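Right, one structure below, let's go through it.
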There are 2 protein chains.
Amino acid sequence: MTVTEEPKPRRLTPKGRATRDRIVEAATELIARNGVAGTGIEDVRAAAGVSGSQLYHYFDSKQALIRAVITRQADSVLQPGEPRVTALDSFEALRAWADAAIERQVETGCRGDCNLGSLAGELSVRDEESRSDIANGFLRWKDLVLDGLRAMRDRGELRADADLEELALSLLSALQGGVLLSQTMLQVRPLEASMNAALAYIHSFAVDAVG
Amino acid sequence: MTVTEEPKPRRLTPKGRATRDRIVEAATELIARNGVAGTGIEDVRAAAGVSGSQLYHYFDSKQALIRAVITRQADSVLQPGEPRVTALDSFEALRAWADAAIERQVETGCRGDCNLGSLAGELSVRDEESRSDIANGFLRWKDLVLDGLRAMRDRGELRADADLEELALSLLSALQGGVLLSQTMLQVRPLEASMNAALAYIHSFAVDAVG
DNA sequence: CTGAGACTGGGTTGCGCAATCCAGAATTCG
DNA sequence: CGAATTCTGGATTGCGCAACCCAGTCTCAG
């Protein structure tokens, strides 16, 4: 929780916490559908069923709300899909994770996805604090993938000379790039292709890859 | 030029063409630095050295200007880098193309890139016409990569069973995802990793790959 | 119990922005 | 040549938006 935005009130009651959460969730859904720029405070207010004052009671500004959304999404650690995979420490788990991400796009018709990549695309160039939050989120995701890959290498499933950082980064990049293209082209093929490539790259470092 | 926005005046003189181009270029640079949402009409006006009326003389709206920027960028077919590579029909050319994209990020410190991917991230969810323009641009890029891969297969360098569409899509996705992560994390490693993975995937279908 | 703080609601403010208005100069074409 | 069109400039408009204001209710802690 190192990127957690401090709640605005000094003390947050369960009731206040619930209201705050409701606001963040409403914002997340609206941003998924309309983007950050296309989501106004009034939209969030209406969707969360609160007044304008409540919004500013819990968040200093629209930016603070956006950052709460970023935090929420970064904390959806295995966000690409349901069901939640506990660790990415086998080829099967990696493949399942990729398939879940693909399935998610299929279900939504490649529309409306509020993930770190789409937030980065909208915010990085003009909001340094949000960019930093998103970057931290990506780092945490990378570390999670890294942990899994490290476990695989320690079990002798990946070659000792594999650059695990590179593998993790290529997987994350493939995911974000695949989602971006799939959402733009309104078809799931780019994500399928990019995940196939990234997984194949990881597989090329499997100990029995030559077999 | 199938996605070309019709110029607003019925006839465009060389002088008018120059002014219009100057506006589009100014907009492109500003968008690279500040994003679409962070670039206002007044910013473009000042940077291009024209009046507000001139902007609306040449473009019906801000959206029309953005679409002209999209067209311009999609037409920068081998936009990822300089020098302009004439065709992506060999492993060497693909590697050079990837290296050029990486070099471009190195030169800019992973900041400020107005490519189809970043435009897609900002616009796709809330501007259907822009999304369509960008998607068409991606399709054209994919076709260009496809042409190169097809030539390689016809020359016997890629196996007949290679799914060239998948290879082209994985390469484009890796490029966009790599740029996105590199720009967010302000380091070039993600792009290096993603391009390595995509090129390795293509290479895994090389006819002499088993050697 | 009471004062302070958290929570809530609805209305208002002011500014930034895209777009328009008004007018004139430059160029083209019949 | 003159009418029509293109190009140009600067000021103004009006609306959408984020943020604030004012007031009241609820809850907690000393």
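A quick yes/no check of all residues on (1) of a type outside the set (A, V, I, L, M, F, W, C); (2) over 23 Å from the mean Cα position of the chain (by Cα):
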| site | (1), (2) |
| --- | --- |
| B:28 | yes, no |
| B:31 | no, no |
| B:35 | yes, no |
| B:44 | no, no |
| B:52 | yes, yes |
| B:55 | no, yes |
| B:63 | yes, no |
| B:67 | yes, no |
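Would you check which residues across the stretch A:56-76 are more than 14 Å from chain B (Cβ to nearest Cβ) and near DNA strand D (Cβ under 9 Å from one of its atoms) and list them? Within the stretch A:56-76, A:56, A:57, A:59, A:60, A:61, A:64, A:65 meet the criteria.
Using the structure shown, decide if residue A:200 is open to solvent by 30 Å² or more (accessible area, probe 1.4 Å), outside any helix (DSSP H, G or I) and of a type outside the set (D, E, K, R).
On the way: open to solvent by 30 Å² or more (accessible area, probe 1.4 Å): yes; outside any helix (DSSP H, G or I): no; of a type outside the set (D, E, K, R): yes.
Criteria not met by residue A:200.
Can residue B:195 be described as open to solvent by less than 10 Å² (accessible area, probe 1.4 Å) and in contact (Cβ under 8 Å) with a residue 40 or more places away in the chain? Here the answer is yes, as residue B:195 does meet what is asked.
Quick grid of which residues meet (1) touching a strand residue (DSSP E or B) at 6+ places or on another chain (Cβ under 9 Å); (2) modelled with pLDDT under 90; (3) among the acidic types (Asp, Glu); (4) farther than 20 Å from residue B:112 by Cβ:
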{"site": "B:1", "(1), (2), (3), (4)": "no, yes, no, yes"}
{"site": "B:4", "(1), (2), (3), (4)": "no, yes, no, yes"}
{"site": "B:8", "(1), (2), (3), (4)": "no, yes, no, yes"}
{"site": "B:34", "(1), (2), (3), (4)": "no, no, no, no"}
{"site": "B:43", "(1), (2), (3), (4)": "no, no, yes, no"}
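Here B:186, B:164, B:171 are screened, and the one residue that is more than 10 Å from chain A (Cβ to nearest Cβ) and either under 16 Å from residue A:171 (Cβ atoms) or not charged (D, E, K, R) (or both) is B:164.
So is residue B:183 in a loop (DSSP other than H, G, I, E, B) and not β-branched (Val, Ile, Thr) or not?
Details: in a loop (DSSP other than H, G, I, E, B): no; not β-branched (Val, Ile, Thr): yes.
Here the answer is no, as residue B:183 does not meet what is asked.
For beta carbons closer than 7 Å, sequence separation of 6+ or different chains, a first residue in the stretch B:9-23 that is on the phi > 0 side of the Ramachandran plot and away from every other protein chain (no Cβ under 14 Å) and a second that is open to solvent by 100 Å² or more (accessible area, probe 1.4 Å) and away from DNA strand C (no atom under 11 Å from the Cβ), there are no qualifying pairs. Taking first residues from the stretch B:165-181 that are of a type in the set (D, E, K, R) and partners that are assigned to a helix (DSSP H, G or I), the Cβ contacts under 7 Å between residues at least 6 apart in sequence or on separate chains come to B:165/B:146; B:166/A:193; B:166/A:196. Screening the candidates A:149, A:144, A:158, A:175 for the property of being out of contact with any strand residue (DSSP E or B) (no Cβ under 9 Å at 6 or more places or on another chain) and open to solvent by less than 30 Å² (accessible area, probe 1.4 Å) yields one hit, A:175.
Filter the stretch B:35-50 down to the residues that are free of Cβ contacts under 8 Å to residues at least 40 places away in the same chain, open to solvent by less than 50 Å² (accessible area, probe 1.4 Å) and within 10 Å of DNA strand C (Cβ to nearest atom) and list them by number.
B:38, B:39, B:40, B:41, B:44, listed by residue number.
Total residues in the stretch B:80-94 satisfying the condition of being modelled with pLDDT of 90 or more and either exposed (fewer than 15 other Cβ atoms within 10 Å of the Cβ) or of a type in the set (Ser, Thr, Tyr) (or both): the figure is 2.
Before we move on, is residue A:104 under 26 Å from residue A:30 (Cα atoms), outside any helix (DSSP H, G or I) and either touching a strand residue (DSSP E or B) at 6+ places or on another chain (Cβ under 8 Å) or modelled with pLDDT under 95 (or both)? Steps first, answer last, please.
Numbers: under 26 Å from residue A:30 (Cα atoms): yes; outside any helix (DSSP H, G or I): no; either touching a strand residue (DSSP E or B) at 6+ places or on another chain (Cβ under 8 Å) or modelled with pLDDT under 95 (or both): yes.
Here the answer is no, as residue A:104 does not meet what is asked.
Considering only the stretch A:117-138, I want to know if a residue exists there that is open to solvent by 30 Å² or more (accessible area, probe 1.4 Å), within 24 Å of residue B:171 (Cα to Cα) and within 7 Å of chain B (Cβ to nearest Cβ). Let's see the steps before the verdict.
Step one: of the stretch A:117-138, the residues open to solvent by 30 Å² or more (accessible area, probe 1.4 Å) are A:118, A:125-126, A:128-129, A:132, A:136.
Among the residues that remain, those that are also within 24 Å of residue B:171 (Cα to Cα) are: A:118.
Next cut, within 7 Å of chain B (Cβ to nearest Cβ) only: A:118.
There is at least one residue in the stretch A:117-138 that is open to solvent by 30 Å² or more (accessible area, probe 1.4 Å), within 24 Å of residue B:171 (Cα to Cα) and within 7 Å of chain B (Cβ to nearest Cβ).
For first residues located in the stretch A:53-65 and open to solvent by 70 Å² or more (accessible area, probe 1.4 Å), partners that are near DNA strand D (Cβ under 6 Å from one of its atoms) and lie 6+ apart or on another chain with Cβ distances below 8 Å form the pairs A:62/A:41.
The values are calculated or read from the model by the stated rules, or taken from the named source; none is laboratory data. These numbers come from a predicted model, not from an experiment. Please note: Cβ atoms are built from the backbone with ideal geometry, for glycine as well, and neighbour counts cover all protein chains shown. With ligands, DNA and RNA removed, areas are computed over all heavy atoms of the protein, side chains included. Shrake-Rupley method; radii C 1.70, N 1.55, O 1.52, S 1.80 Å.
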